[in-house]
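These notes are about the structure you will find just below.
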Amino acid sequence: MGSLTLLAVGVIGRLVPHPPNFTPVEATALFAGAWLSNIWLGLAVPLSVMALTDAILGWHSLWPYTWGAMSAGVILGRYLMQKQRLLSVAGTAIAQATLFFLVTNFGLWTTGAYGYSLSGLIACYEAAVPFYHYQVLGALFYSGLFWVVEYTLLRHLQVAPR
């Protein structure tokens, strides 16, 4: 799968109705880092997904945190994920979902929505826990789907990813 395919899957997956945080964007970031030889192109894919969909869904004050967490996913995909191993893909997907959870909810706490205290930070993370499992499931599902496409369909058809 090339950059345009990842971009299209990310945009469509974020715009169609879905459970909260159950989108392909994290898998898109991981696989852009793992598949694309140019790191800047890898970073451009999830950031373009976020920019295009945020323009449609509405801009928000947490964009530096969400976009930053997606950029980190590209780095994780490039340097941590062993894309030939499904278990490595799953572990990296969980790491990315957890990183996104920690970074974006810290960003929410910095807005003062829960007060500027340790108890406010804890309350912020507690309030986000119901959404975390969707984040993990989405990252696992789409990362697994991308892996299946590459290592069963594309390899079987002798088509190498870009």
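Computed from the coordinates by the stated procedures, all read-outs in this text should not be read as laboratory data. The model shown is predicted, which means the values in this text are computed figures rather than measured ones. Note that each Cβ is placed from the backbone with ideal geometry, even for glycine, and that neighbours are counted across all protein chains shown.
When only DSSP loop residues count, what chymotrypsin sites (Phe, Trp or Tyr not before Pro) in segment 1-66 have their Cβ near at most 10 other Cβ atoms within 10 Å? Each step should come with its number before you reach the end.
Details: sites: Phe22, Phe31, Trp35, Trp40, Trp59, Tyr65; in loops: Phe22, Trp59.
Listed in order of number, the matching sites are Trp59.
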Q: Determine the principal axes of the Cα atoms in segment 3-156, then give the extent along each, sorted from largest to smallest and rounded to whole angstroms.
A: 54, 31, 29
Q | Distance (nanometres) between label positions extended 7 Å along Cα→Cβ at Ile56 and Ala8 | A | 1.4 nm
Q) In the chain, with Lys and Arg counted as +1 and Asp and Glu as -1 at Cβ, which of these residues, Trp109, Tyr142, Ala127, has the Cα nearest the positive end of the dipole, that is, farthest along it? A) Tyr142
Q. Taking segment 51-153, which trypsin sites (Lys or Arg not before Pro) meet the DSSP loop condition and have no more than 13 other C-beta atoms within 10 Å?
A. Arg85
Q) Kirkwood Rh over Cα pairs of segment 42-130 into Stokes-Einstein at 20 °C, 1.002 mPa s: D in µm²/s? A) 150 µm²/s
(Q) For the chain, take the longest principal axis of its alpha carbons; what is the angle in degrees between that and the long axis of helix 63-79, to the nearest 10 within 0 to 90? (A) 40 degrees
Q. Which of Glu126, Glu26, Glu150 moves most in a GNM of the chain, Cα contacts under 10 Å?
A. Glu126
Q: Would you please name the chymotrypsin sites (Phe, Trp or Tyr not before Pro) within segment 83-132 that are DSSP coil residues with at most 16 other C-beta atoms within 10 Å of their C-beta?
A: Tyr116
